[in-house]
Amino acid sequence: PGAPGAKMAAGSGPGARELFAEGLLQFLRPAVRQLDRHVHSVRESQVELREHIDSLATELCRINEDQKVALDLDPYVKKLLNARRRVVLVNNILQNAQERLRRLNHSVAKETVRRRAMLEAGGYQAK
């Protein structure tokens with residue numbers, strides 16, 4: 001208990017807390033960036049899927065109009081349009097999640113700069 005490094009080792013000193021916070025921020029930043037990249041990729045795929053659904057629905061309508069024999073493709077077109085609506089909904093959810101990730105990434109970067117400045121002002125060198 002009376003050892004000089006005991007307080008720092010236990011993580012109860014202000015320097016230890018700052019170093020822990022810095023480490024935690026450094027740990028979170030790559031994960032947030034990677035998640036942001038994945039969300040961006042999924043959003044791009046969603047847009048491509050929506051375009052394919054639109055194209056397929058248009059083609060089904062054209063086929064239906066061109067047929068000499070009456071084929072009822074309307075239920076399939078409705079299913080495609082319903083799928084498209086769900087894709088758009090998921091894309092909106094992903095867009096909101098990506099925006100929250102960007103704000104989190106910005107906050108982490110800002111907090112890292114602030115903590116690094118505090119550490120350097122206190123005589124500690126962040127690595």
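The values are calculated or read from the model by the stated rules, or taken from the named source; none is laboratory data. This one's a predicted model, so the numbers in the text were calculated from it and none came from an experiment. Cβ placement follows ideal geometry from the backbone for every residue including glycine, while neighbour counts extend to all protein chains displayed. Calculation scope for accessible area: heavy atoms of the full protein, side chains included, ligands and nucleic acids excluded. Shrake-Rupley method; radii C 1.70, N 1.55, O 1.52, S 1.80 Å.
Below are the figures for this structure:
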read-out: Within segment 95-109, tally of residues that are open to solvent by less than 80 Å² (accessible area, probe 1.4 Å) and in contact with an Asp or Glu (Cβ under 8 Å, 6 or more places away or on another chain); value: 3
read-out: Out of Val88, Val32, Val39, sole residue that is in the same structural domain as Ala117 (by the TED database), among the hydrophobic types (A, V, I, L, M, F, W, C) and modelled with pLDDT of 80 or more; value: Val88
read-out: Subset of segment 110-127 that is surrounded by 12 or more Cβ atoms within 10 Å (Cβ to Cβ) and within 23 Å of the chain's Cα centre (by Cα) - its residue that is modelled with the lowest pLDDT; value: Thr112
read-out: Residues of segment 57-94 satisfying the condition of being touching a residue at least 12 places away in the same chain (Cβ under 8 Å) and open to solvent by 60 Å² or more (accessible area, probe 1.4 Å); value: Tyr76, Leu81, Arg84, Val90
